[in-house]
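Working notes, beginning with the structure itself.
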Amino acid sequence: MEFMGCHLSASNSYSPTFKFKCQQFDKCRSALPGVILCGNRKLRPDEFVWRRNESTQNVDFPPKLPKGKKKPYPIPFKQIKHAAKMERKLASKGIEKPLEPPKNGLLVPDLVPVAYEVFDAWKLLIKGLSQLLHVIPAYGCSECSEVHVAQTGHSILDCEGRTSSTRHSSHAWVRGNVNDILVPIESYHLFDPFGKRIMHDTRFEYDRIPAVVELCIQAGVDIPEYPSRRRTNPIRMVGRRVLDRGGHLEEPKPLRTAEFSSVIDFDTYRACERFPPPPLSDVPKIAQETIDAYQTVRKGVRKLMKKYTVKACGYCSEVHVGPWGHNAKLCGSFKHQWRDGKHGWQDATLDEVLPPNYVWHVRDTNGPPIKAALKRYYGKAPAVVEVCVQAGARIPAEYKPLMRLDIVIPDTDEAGMIA
């Protein structure tokens, strides 16, 4: 057992009634095993604490957010109010808002290689999933968003589709594709994120591309089909009013080739038809490359989102990459009539830009299908991880507690005798 505590001296007394007369303690390290010494003194900056490294065995599943409520703010609301108050205070005095890259329209040079790494890993992820789905079967419910990676669909009665009551909440399984595994979250592509906002009547003038790709473009990736403005002079703002955008620059016409080869590489639409089935001997290698690319994408997107602003609707799944959201009235979620269909923009999280899409983990693909009576013994994993693991990839350590690999699944008759 490791000791948890600071360097305390046995000769020092912290209160008149708190004294040590034992000689075994030397700077808070006991000679007796299992003995912990505590003190009521705060730590000095030069002191440290010995902590015990505990590995989590099992964790609960991520909770499902209710559809009849607004999503919680990722940043505490008090901090948002305080930042807005300071911004109004500076604006009332006519003081420009201090902006640093990329908030002032300039690129962050250190994040340009990260953006290219994420973009390349994203294309590799789509290619690997398209090849693996020829070998690993996946099914999706035609009435809800449930996905299952196995030889057949499961029999757990948890369908939330419109006609689920007629089927007693059983799923209507159909063969899945890449969009079922890698949930497509798209965003409007903007030549100038600090330019004119997208209005409801002008929304068809802008292309929709994956939000991950749009984030990479704004972070420095150059794609001829989707040009982006690269500023050399920073923008100036007082409050929410932009004083200087660097002038109006006409958006160049995108370079559109006949085959759209580079555009197709990062799009998930009909991806399985573009890549042939791989040889069975190469499946484990492809699976490991795919799961490594998935982790690279999540790690890189998390790093980019710490600097570049990404907005998400607090009611639906709409995502917008830019300093402020668009004005298209397309929200149809909770109380959209009160907002005239406008989105309730707030700061986005990683899972909103790249949803993990959790599915049930199947340990034995050749065994019997999972049963509803034993669902509390099963684990879950992101759909991409589940496909790669069934194809022969190593299980990442961060997903093992959620997959509940150490729980012995009992028989149906034994489950009733377990407390």
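Using the Kirkwood radius over Cα pairs, work out the Stokes-Einstein diffusion coefficient for region 202-339 at 20 °C and 1.002 mPa s, in µm²/s as a whole number.
Calculated translational D: 115 µm²/s.
Beyond a 24 Å Cα-Cα separation, which of these cross-linked pairs lie in this structure: 70/123; 311/342; 71/335; 64/400; 127/371; 85/311?
Among 70/123; 311/342; 71/335; 64/400; 127/371; 85/311, the Cα-Cα distance tops 24 Å for 70/123; 127/371.
With a 1.4 Å probe and every protein chain left in place, work out the accessible area per residue of region 332-410 in Å², rounded to a whole number.
47 Å²
How many angstrom separate the Cα center of region 183-257 from the Cα center of region 384-410?
39 Å
State the dimensionless ratio Rg/Rh of region 330-419 (Rg: radius of gyration of Cα atoms; Rh: Kirkwood radius).
Rounded to two decimals, Rg/Rh equals 1.16.
Say a paramagnetic label sat at a point 7 Å from the Cα of residue 79, along Cα to Cβ; which residues of region 340-354 have their backbone N under 13 Å from it?
So the set is 347-349.
State the answer as a single residue: which of 129, 119, 80 lies farthest towards the positive end of the charge dipole of region 75-141, with beta carbon charges of +1 for Lys and Arg and -1 for Asp and Glu, about the Cα centre.
80
Which FRET efficiency value, to the nearest 0.05, is calculated for residue 374 and residue 56 with the Förster distance at 22 angstrom and r the Cβ-Cβ distance?
That gives a FRET efficiency of 0.45.
Do any chymotrypsin sites (Phe, Trp or Tyr not before Pro) in region 278-346 lie in a loop, going by DSSP, with at most 12 other beta-carbon atoms within 10 Å of their beta carbon, and if so which?
Answer by residue number: 338.
The values are calculated or read from the model by the stated rules, or taken from the named source; none is laboratory data. In this text, all values refer to a predicted model and were calculated from it rather than measured experimentally. Because the Cβ atoms are built from the backbone with ideal geometry, glycine has one as well, and the counts that use them run over all protein chains shown. Calculation scope for accessible area: heavy atoms of the full protein, side chains included, ligands and nucleic acids excluded. Shrake-Rupley method; radii C 1.70, N 1.55, O 1.52, S 1.80 Å.
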